[in-house]
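Colleague: Quick one: this structure, given as structure tokens, is what I'll be asking you about.
The values are calculated or read from the model by the stated rules, or taken from the named source; none is laboratory data. Since we're looking at a predicted model, the values are computed, not measured. Please note: Cβ atoms are built from the backbone with ideal geometry, for glycine as well, and neighbour counts cover all protein chains shown.
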Amino acid sequence: MAKQKRGQWGSKMGFLLAVIGSAVGLGNIWRYPYMLYKNGGGAFLIPYFTAILVAGIPVLILEYGFGHKFRGSTPMSFARAHKGLEWIGWIPTFAAFVIMTFYSVILGWAVNYFVYAFDFSWGENTKEFFFKDFLNISEGAFTLGGFQFDIMVTVIVVWLINWFVTYKGVSGGIEKLNKVLIPTLLILMAVVVVKGVTLPGATKGLNVLFTPKWERLADISVWRDAFGQVFFSLSLALAAIITYASYLPKKTDLNNSAMITAFANCGFEFFAAIGIFGILGFMATSQGVDVTEVAGGGVGLAFVVFPKVFLTMGGIGKVLGVIFFLAIITAGLTSSVSLLEAFSSSVIDKTGKSRKKIVTITSIVCLSISLLYVTGAGLYILDIVDHFLNSYIVIGTGMLEAITIGWIIRADMIRKHNNAISIVKVGKWWNLVIKFIAPLVLGGILVLSIIDEFKVNYGDYPTNALLIYGVGTIVAVLVLSFITDRLPWRKGAIEGFATQGSDYKGEKEEG
Ligand code: PHE
């Protein structure tokens with residue numbers, strides 16, 4: 001059990017690119033537009049911006065400060081801060097593991113579609129192509145059907161990249177990957193957005209995006225989706241930010257970095273949505289129908305509607321298609337690597353085993369589970385697991401973090417820690433948000449959406465499918481967290497910290 005030196009970022013720029021890389025992902029390009037669309041277009045922006053202000057940014061500042069102060073992966077930071085709270089650190093860690101199992105599959109689809117874009121392999125009927133030929137979707141969540149060979153290949157490729165980059169370590173792998181991919185992504189998306197908004201009929205799509213359906217605001221699911229989206233998109237409550245912050249040198253402007261991350265991520269998301277709705281408007285105009293008729297809900301948007309749009313455009317559509325799917329791959333890889341790092345670092349911290357060993361084992365186990373989503377029932381299972389994890393585990397973890405760090409570990413200690421090394425200071429208002437507002441709002445959403453869950457079956461799936469895949473995943477994450485909490489730490493991981501703890505300049509012992 002050799003004590004290893006913890007990784008560290010090579011530069012502040014490298015770190016910023018890596019957190020932005022974690023935040024900007026499938027959530028921004030694939031998930032956000034359909035969330036917006038599903039939840040009443042422009043009206044969604046109100047809960048969305050509320051979520052950014054009352055939970056997104058405050059919790060981001062919290063996770064930055066917490067990971068930085070206790071210099072550990074999520075469970076290690078919790079264990080160091082307070083012995084009894086380690087389990088809270090394992091919940092987002094195991095949730096990150098589960099997310100990885102399907103995140104890599106969607107990324108795999110994008111790799112397939114990237115290749116298909118070169119010759120429009122999807123043909124005229126993109127819907128039938130996606131569901132039948134590509135996914136070979138079965139009748140229900142319990143009929144697995146066979147493995148889809150093409151998808152299996154790309155999922156393995158995605159895993160090889162995840163594994164290689166994370167195996168190489170923080171500055172040797174993750175930072176390098178982000179330095180190349182983030183600027184690339186920006187260029188790719190700029191092409192998509194500029195092309196999107198200048199297409200004939202684009203305004204028709206933008207009108208849908210910006211015309212709010214106010215009545216939707218009365219629906220709790222809209223608020224739940226907004227908070228879930230903001231957390232997912234900012235990589236919050238999934239162990240990634242705390243881990244990344246733990247690799248920062250002692251003196252780093254945390255508040256400033258948190259603001260840059262939030263701004264870059266939400267700006268990118270919004271920017272992408274404008275391009276995407278512009279393209280939908282073009283599609284609707286060229287077919288002489290309403291935008292509502294072309295925009296399919298859910299996953300369909302990126303893999304059914306877009307391929308159709310590219311086909312309609314002809315030659316230039318091939319170029320745009322290749323660029324669009326490459327952008328999804330670029331964005332997704334930097335996020336999936338952060339999920340793998342969040343999980344692996346926790347196990348490395350706990351066991352003291354080598355990074356190479358843990359990353360390799362994690363990748364193999366995770367890839368094996370990913371194969372479940374490569375079956376004919378994959379899409380159903382993915383949809384259910386995504387819904388339950390994001391609605392309950394992520395929002396619930398955000399609430400638990402705010403309560404425990406706010407009240408037990410003390411919000412003010414984190415605030416002072418951040419302020420001591422940051423130029424822009426966080427005021428006392430932040431303590432109030434962390435201690436009262438965030439827990440109340442997140443708790444409220446949690447309770448109301450649980451009640452809602454009993455009214456209608458999510459996605460019209462049969463109850464036992466929701467129980468087994470959805471509730472089952474939640475229970476598994478919780479049980480694993482409690483069990484792992486009981487296992488011993490490698491020597492010196494927790495006790496040794498107290499003595500070398502708060503030695504930041506200007507930081508006094510606070511209560
Ligand atoms: N933020 C990423 C996205 O938007 C997903 C993610 C969540 C990555 C949590 C890491 C941790 O796609």
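To keep it simple, each residue is scored yes or no on (1) over 30 Å from PHE497 (Cβ atoms); (2) touching a strand residue (DSSP E or B) at 6+ places or on another chain (Cβ under 8 Å); (3) among the aliphatic types (A, V, I, L, M).
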site	(1), (2), (3)
MET189	yes, no, yes
VAL193	yes, no, yes
VAL197	yes, no, yes
GLY201	yes, no, no
VAL208	yes, yes, yes
ASP219	yes, no, no
SER233	yes, no, no
ALA240	no, no, yes
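Colleague: A further question on this structure: Kindly indicate which of VAL347, VAL365 is modelled with pLDDT of 95 or more and either over 27 Å from TYR64 (Cβ atoms) or touching a Lys or Arg at 6+ places or on another chain (Cβ under 7 Å) (or both).
Modeller: Details: VAL347 fails: either over 27 Å from TYR64 (Cβ atoms) or touching a Lys or Arg at 6+ places or on another chain (Cβ under 7 Å) (or both).
Selected residue: VAL365, the only one of VAL347, VAL365 that is modelled with pLDDT of 95 or more and either over 27 Å from TYR64 (Cβ atoms) or touching a Lys or Arg at 6+ places or on another chain (Cβ under 7 Å) (or both).
Colleague: Tell me whether segment 185-194 contains one or more residues that are more than 16 Å from GLY21 (Cα to Cα), part of a helix (DSSP H, G or I), more than 16 Å from the ligand (Cβ to nearest atom) and in contact with a Leu (Cβ under 9 Å, 6 or more places away or on another chain). Break it down into steps so the answer makes sense when it comes.
Modeller: In the first step, residues of segment 185-194 are kept if they are more than 16 Å from GLY21 (Cα to Cα); the result is 190-194.
Those left that are additionally part of a helix (DSSP H, G or I): 190-194.
Imposing the further condition that a residue be more than 16 Å from the ligand (Cβ to nearest atom) reduces the set to 190-194.
Now narrow it down to the ones that are in contact with a Leu (Cβ under 9 Å, 6 or more places away or on another chain): 191-192.
Within segment 185-194 (the criterion being more than 16 Å from GLY21 (Cα to Cα), part of a helix (DSSP H, G or I), more than 16 Å from the ligand (Cβ to nearest atom) and in contact with a Leu (Cβ under 9 Å, 6 or more places away or on another chain)), the answer is yes, since at least one residue qualifies.
Colleague: Let me ask something else about it. Filter segment 239-248 for residues that are within 8 Å of the ligand (Cβ to nearest atom) and part of a loop (DSSP other than H, G, I, E, B) and give the result.
Modeller: ALA239
Colleague: Right, here's the next one. Name every residue in segment 453-470 that is exposed (fewer than 15 other Cβ atoms within 10 Å of the Cβ) and at negative phi, in order of residue number.
Modeller: PHE454, LYS455, VAL456, ASN457, PRO462, THR463, ASN464, LEU467
Colleague: Out of everything in segment 325-358 that is in contact (Cβ under 8 Å) with a residue 60 or more places away in the chain, more than 29 Å from LEU186 (Cα to Cα) and assigned to a helix (DSSP H, G or I), what residue ends up being farthest from the chain's Cα centre (by Cα)?
Modeller: That would be THR351.
Colleague: Continuing with this model, one more query. Could you list, in sequence order, the residues of segment 219-252 that are of a type in the set (A, V, I, L, M) and farther than 19 Å from ALA96 by Cβ?
Modeller: In the first step, residues of segment 219-252 are kept if they are of a type in the set (A, V, I, L, M); the result is 220, 222, 226, 230, 234, 236-242, 245, 248.
Result: ILE220, VAL222, ALA226, LEU248.
Colleague: Would you be able to tell me the number of residues in segment 385-442 that are over 19 Å from ASN256 (Cα atoms) and not aliphatic (A, V, I, L, M)?
Modeller: Filtering segment 385-442 down to residues over 19 Å from ASN256 (Cα atoms) leaves 385-410, 432, 435-442.
Okay, now just the ones that are also not aliphatic (A, V, I, L, M), so 386-388, 390-392, 396-398, 401, 404, 406-407, 410, 435-436, 439.
Of the residues in that region, 17 qualify.
Colleague: Exactly one of (1) under 30 Å from PHE324 (Cα atoms); (2) away from the ligand (no atom under 16 Å from the Cβ); (3) surrounded by fewer than 23 Cβ atoms within 10 Å (Cβ to Cβ) is unmet by TYR113. Its number?
Modeller: Only one criterion is unmet by TYR113, namely (3).
Colleague: Among the residues of segment 428-449, is there at least one that is surrounded by fewer than 16 Cβ atoms within 10 Å (Cβ to Cβ), assigned to a loop (DSSP other than H, G, I, E, B), at pLDDT 95 or above and not small (Gly, Ala, Ser)?
Modeller: yes
Colleague: Looking at segment 41-49, is at least one residue within 17 Å of ASP386 (Cα to Cα), surrounded by 16 or more Cβ atoms within 10 Å (Cβ to Cβ) and under 18 Å from the mean Cα position of the chain (by Cα)? I'd like the intermediate steps shown before the answer.
Modeller: Going through segment 41-49, the residues within 17 Å of ASP386 (Cα to Cα) turn out to be none.
For segment 41-49, residues within 17 Å of ASP386 (Cα to Cα), surrounded by 16 or more Cβ atoms within 10 Å (Cβ to Cβ) and under 18 Å from the mean Cα position of the chain (by Cα): absent.
Yes/no matrix, rows are residues, columns are (1) within 13 Å of the ligand (Cβ to nearest atom); (2) out of contact with any Pro (no Cβ under 9 Å at 6 or more places or on another chain); (3) not in a helix (DSSP H, G or I):
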residue: VAL197; (1), (2), (3): no, yes, no
residue: VAL222; (1), (2), (3): no, no, no
residue: PHE227; (1), (2), (3): no, no, no
residue: ALA237; (1), (2), (3): yes, no, yes
residue: ASN255; (1), (2), (3): no, yes, no
residue: MET259; (1), (2), (3): no, yes, no
residue: ILE279; (1), (2), (3): no, yes, no
residue: MET283; (1), (2), (3): no, yes, no
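Colleague: Next up: Give me the helices (runs of 4 or more DSSP H) completely within segment 26-78, filtered to those with at least 3 residues that are under 13 Å from TRP223 (Cβ atoms), ordered by residue number. Walk me through how you get there before you give the answer.
Modeller: Numbers: elements: 32-38, 45-51, 57-70.
Ranges flagged: 45-51.
Colleague: Sticking with this structure for a sec: Which of the residues spanning segment 450-487 are outside any helix (DSSP H, G or I) and either under 25 Å from ALA377 (Cα atoms) or modelled with pLDDT under 95 (or both)?
Modeller: Start the filter on segment 450-487 by keeping residues that are outside any helix (DSSP H, G or I), which leaves 456-457, 461-462, 487.
VAL456, ASN457, TYR461, PRO462, listed by residue number.
Colleague: Kindly list the number of the only condition in (1) assigned to a helix (DSSP H, G or I); (2) touching a Phe, Trp or Tyr at 6+ places or on another chain (Cβ under 8 Å); (3) within 29 Å of LEU320 (Cβ to Cβ); (4) not basic (Lys, Arg) that fails for PHE232.
Modeller: Every condition holds for PHE232 apart from (2).
Colleague: What residue, among those in segment 67-104 that are among the aromatic types (Phe, Trp, Tyr), under 17 Å from ILE241 (Cβ atoms) and in contact with a Phe, Trp or Tyr (Cβ under 9 Å, 6 or more places away or on another chain), is nearest to the ligand (Cβ to nearest atom)?
Modeller: Taking segment 67-104 first, the residues among the aromatic types (Phe, Trp, Tyr) are 70, 78, 87, 90, 94, 97, 102-103.
Right, trim to under 17 Å from ILE241 (Cβ atoms) and you get 70, 78, 90, 94, 97, 103.
Among the residues that remain, those that are also in contact with a Phe, Trp or Tyr (Cβ under 9 Å, 6 or more places away or on another chain) are: 70, 78, 90, 94, 97.
Details: PHE70: 19, PHE78: 17, TRP90: 15, PHE94: 13, PHE97: 11 Å.
The residue in question is PHE97.
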